[in-house]
Structure formats: C-alpha cells, structure tokens
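S.K.: Below are the structure tokens for one structure; questions will follow.
The values are calculated or read from the model by the stated rules, or taken from the named source; none is laboratory data. Note that the structure is a prediction, hence the values are computed from the model and not measured. Every residue, glycine among them, receives a Cβ derived from its backbone with ideal geometry; neighbour counts consider all protein chains shown. Only protein heavy atoms, including side chains, enter the accessible area calculation; ligands, DNA and RNA are left aside. Shrake-Rupley method; radii C 1.70, N 1.55, O 1.52, S 1.80 Å.
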Amino acid sequence: MSRRCVITGMGVVSPLGSTVDSMWENAKNGVCGIDNITKFDATDFKVKVAGEVRDFDAEKYMTKKDIKRNDPFAVYAMGAAVQAMDDSGIDMEKEDASRVGVIFGSGVGGLGTMQQQVTRMNEKGASRVSPMFIPMTIGNMAAGNIAIRFGAKGINEDIVTACATATSSIGAAFRNIIHGYADVIITGGAEAGLCEIGIAGFTNLTALSTNPDPKDACKPFDKNRDGFVLGDGAGALVVEELEHALARNATIYGEIVGYGATSDAYHITLPEKTGAGAAKAMELAMEEAGIKPEQVSYINAHGTSTHHNDLFETRAIKAAFGEHAYDIKVNSTKSMIGHLLGAAGAVEFIACVLQMNNGYVHQTVGLEQPDEELDLDYVQGHGVDMDFEYALTNSLAFGGHNASILVKKYAEG
C-alpha cells in the first residue's frame, strides 16, 4: 500500500489572529485585519497600511533571551510551530527523532534586523554590529530553531521561492512523507518584512497599494485594485504518514494528495500573461491526486490584488479547468490579511483546511466591482455554506515560481 500524507497539527500567527481558532472566527465573519502602519512612522511613505501582527504574545513560546536573539520572522515561526506541535499531540519521547523533520521557509528572512544593523554600522562603526547579526538574518534559522526546540533530527531545510515559499515547503514535506524519507514533518513559512526598507523597496517596485484606507486597500479581483498590502506572520503544519497518525489516534484534519510546481521562465517580477505556468502547476497537482478537474469545486487563489496577478491567475484557472472554472468558488484570504510573502502559502493552506472542515467558504473582502475579464465566482459580498471534498491552493511568486497543492477532506477507511 502506498504511503499517504495527512495533516495532524496547525498553528497560525497572523494579522487576523494569532491562533487557528481566532483567525478562523475572523475569516468566517469577513473581518479585515489590515490597518494603519504602527511599527514605524510612515508619514513620509506613500504606503500607509499593512497587515501587522497585533495580538501575539511571544513569551508564550520563547524566553525573553531567545526572543531578543531572533528576528521577528523566526519568533513568529516558533509561535506557529509550537501551536502546531501542541495541536498534533506528538510526544517526541516516543518518536524516532531521525524520522521527524522540519521544512520551513522564509521569503526574505531577517530583513528588519538587516536594516537595523546596517544603520548601526553606518552610524557607530563596524565594531558595533551585533554578533547575532548573521544568525538573526539568515532565513534557515526558523527551521533550525524549530528542529532544536523539538529535537527533530530528520531532514531540515529552508526552501526559498519568494511568495511561494510556504507552499513549496509543504509540497516538499508531502513528497518526503509519501516517498518514505520521514514519518513526521513540521512545515510552513514565516515572514516579518514590515519595516522601512521592506515597504520602501516594494513601493518603489510599484507593487504595493497606495490607498490610505486600510479597509479598501486590498481588494483582489476588483476593477479598482492598485497593488498588494504587505503583511507579517507565520503558518505551521504537522504533516504525517497516515498509518503513523492512526497508530497514535491522532486527529486528522485533511490529506494532501497532490502537488504541482512549475516555472514561468519569463520575468523576475511579472507573471507570464497567458497563465500557462500556473495552469500547469494546478494540472500537475490534480494529476498526482488522480482526479478530474470537475472534482475541484474550491480554489484559494494567490489573489494578491495586483493588476497582473489577478488577471493572469484568472486566465490560468480557465486554462486548467475550462468551462468548469465558472462553477468553482475562488476566494483570496489575502483580502483580509494582506500578502505574507513567504508565510502566505501556509496560512492560506490552513484557511483551506478550515473552510473544508467547516463547510464554509469565506468571502473575498473588499471586492465590489470585478474587472471585465475577471468573471469567475470570487465569493463576493458574503461567504457561502458549501461542502466540498477537494481544495486547491495556489502560490505564484517573483522569479516565476508557481506552486499548487491539492488537499482532500479526510474520511476514515
């Protein structure tokens, strides 16, 4: 019998709540977690709004000393990972540590720390740079810290595919489980890019919304969208081989059944206009799962609220699903949390699982007037009660990275 990969633990740190339950309650009710920037003085910045993490108590998960010695992205990662491991009920003393791995990424790593330490060097000299600068900055420290915390001695990787990082990480974890390289993997992504240099860089790339109204700035698929809203946070999952999970009577939230990854091989920031690469990623995920396009009734879109992404992702969905695309509910969790970059795919994957298990598809907040070519069902105005067996989630990134994961509702037997 072939190995199967199931989800047994979930954890979230997000602008919509810093637990799975709080995020779900807010998403279900269409709450927008985007607000005015408070992490720094944005007076002289064109961009005024962001998806900040506001209710996270780091000391629940790390000592004060460890918090100080880590960039916020790694602290968020630990918060989400501890939640997920607690949720899973895994007792590491009963596990073969060499069969427990960590595949956990970050798109930009310790960007805020880099800004602070470069400023310190320029103002006070090279000798004043923190000795912790390097370990606080490099993106693999989230994975490293999580492995140290839980004594996970199996595979330990930091995958970086920009905005597709977390989805690539979950896909890699899935593959490692089904091909027998591990029994349990903690996976996901974390990001803390909300700092002056992060906002300035994305602003000057003309990627961010300059709408000063926090409740109107992020509106995926809307005719008047003008860019994405940057957000911070982390999402973590415990994925596990099915028989291993059943043997310990674990709660199973869903089963990962397909993963597709492709490249546009086109441009460093622009998606390819036909959406062919993204369509192929979705097709590969369905092919691996052994299902037909007609069996998919819900897609969690990358849905950034930029002109090109929303248009080309819509074209990709049509290319992958044909006429059936018009029967699929397509929503964007980013409409409530902003774009969490390397963490986005994990938080959105968890949103998929929550919607599947609760029989409810949340609305795309802020969508009022869809653009002319954007004519799919984007769940406008209110969420809908709907039972569905499969959920597909997309992540499309700078560099042309496309990643899609197919998750199935778990049924015993």
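S.K.: Is it the case that some residue within the stretch 340-351 is more than 23 Å from N29 (Cα to Cα), more than 20 Å from the chain's Cα centre (by Cα) and open to solvent by less than 10 Å² (accessible area, probe 1.4 Å)?
M.R.: No: the stretch 340-351 contains no residue that is more than 23 Å from N29 (Cα to Cα), more than 20 Å from the chain's Cα centre (by Cα) and open to solvent by less than 10 Å² (accessible area, probe 1.4 Å).
S.K.: Then there's this: Restricting attention to the stretch 177-204, and to residues there that are touching a Ser or Thr at 6+ places or on another chain (Cβ under 9 Å) and part of a helix (DSSP H, G or I), which single residue is farthest from G260 (Cα to Cα)?
M.R.: Selected residue: T203.
S.K.: Let me spell it out: the conditions are (1) at pLDDT 95 or above; (2) on the phi < 0 side of the Ramachandran plot; (3) surrounded by fewer than 19 Cβ atoms within 10 Å (Cβ to Cβ), and G89 meets all of them except one. Which number is the exception?
M.R.: So G89 meets the others, but not (2).
S.K.: Right, here's the next one. Being in a helix (DSSP H, G or I) and polar (S, T, N, Q) is the filter; apply it to the stretch 282-334 and report the residue that is most open to solvent (accessible area, probe 1.4 Å). If you could, list the steps in order and put the result at the bottom.
M.R.: Just the residues of the stretch 282-334 that are in a helix (DSSP H, G or I), to begin with: 282-289, 293-295, 307-327, 334.
With polar (S, T, N, Q) added as a condition, the list becomes 295, 309, 314.
Numbers: Q295: 82, N309: 16, T314: 3 Å².
That would be Q295.
S.K.: Counting only residues that are of a type outside the set (D, E, K, R) and assigned to a loop (DSSP other than H, G, I, E, B), which one in the stretch 241-255 is nearest to F398 (Cα to Cα)?
M.R.: Among those residues, the one meeting the criterion is Y253.
S.K.: Out of the residues in the stretch 203-251 that are surrounded by fewer than 16 Cβ atoms within 10 Å (Cβ to Cβ) and among the hydrophobic types (A, V, I, L, M, F, W, C), state the one that is farthest from the chain's Cα centre (by Cα).
M.R.: Only one residue tops the list, namely A247.
S.K.: Out of all the residues in the stretch 50-71, is one or more crowded, with 24+ Cβ neighbours inside 10 Å, among the aliphatic types (A, V, I, L, M), under 24 Å from K153 (Cα atoms) and touching a residue at least 40 places away in the same chain (Cβ under 8 Å)?
M.R.: There is no residue in the stretch 50-71 that is crowded, with 24+ Cβ neighbours inside 10 Å, among the aliphatic types (A, V, I, L, M), under 24 Å from K153 (Cα atoms) and touching a residue at least 40 places away in the same chain (Cβ under 8 Å).
S.K.: Can you tell me which of L392, L406, L396 is part of a strand (DSSP E or B), of a type in the set (A, V, I, L, M), in contact with a strand residue (DSSP E or B) (Cβ under 8 Å, 6 or more places away or on another chain) and open to solvent by 10 Å² or more (accessible area, probe 1.4 Å)?
M.R.: Selected residue: L396, the only one of L392, L406, L396 that is part of a strand (DSSP E or B), of a type in the set (A, V, I, L, M), in contact with a strand residue (DSSP E or B) (Cβ under 8 Å, 6 or more places away or on another chain) and open to solvent by 10 Å² or more (accessible area, probe 1.4 Å).
S.K.: Could you pull out the residue among I268, I256 that is under 22 Å from the mean Cα position of the chain (by Cα), among the β-branched types (V, I, T) and open to solvent by 30 Å² or more (accessible area, probe 1.4 Å)?
M.R.: Checking each option against the conditions leaves just I268.
S.K.: Residues in the stretch 256-272: is at least one small (G, A, S), part of a helix (DSSP H, G or I) and more than 28 Å from G51 (Cβ to Cβ)?
M.R.: Scanning the stretch 256-272, I find no residue that is small (G, A, S), part of a helix (DSSP H, G or I) and more than 28 Å from G51 (Cβ to Cβ), so the answer is no.
S.K.: Right, next: Among all residue pairs at least 6 apart or on different chains, which show Cβ distances below 7 Å where the first residue, located in the stretch 86-101, is free of Cβ contacts under 8 Å to residues at least 60 places away in the same chain and the second is of a type outside the set (S, T, Y) and open to solvent by 60 Å² or more (accessible area, probe 1.4 Å)?
M.R.: Pairs found: A97/K153; S98/K153.
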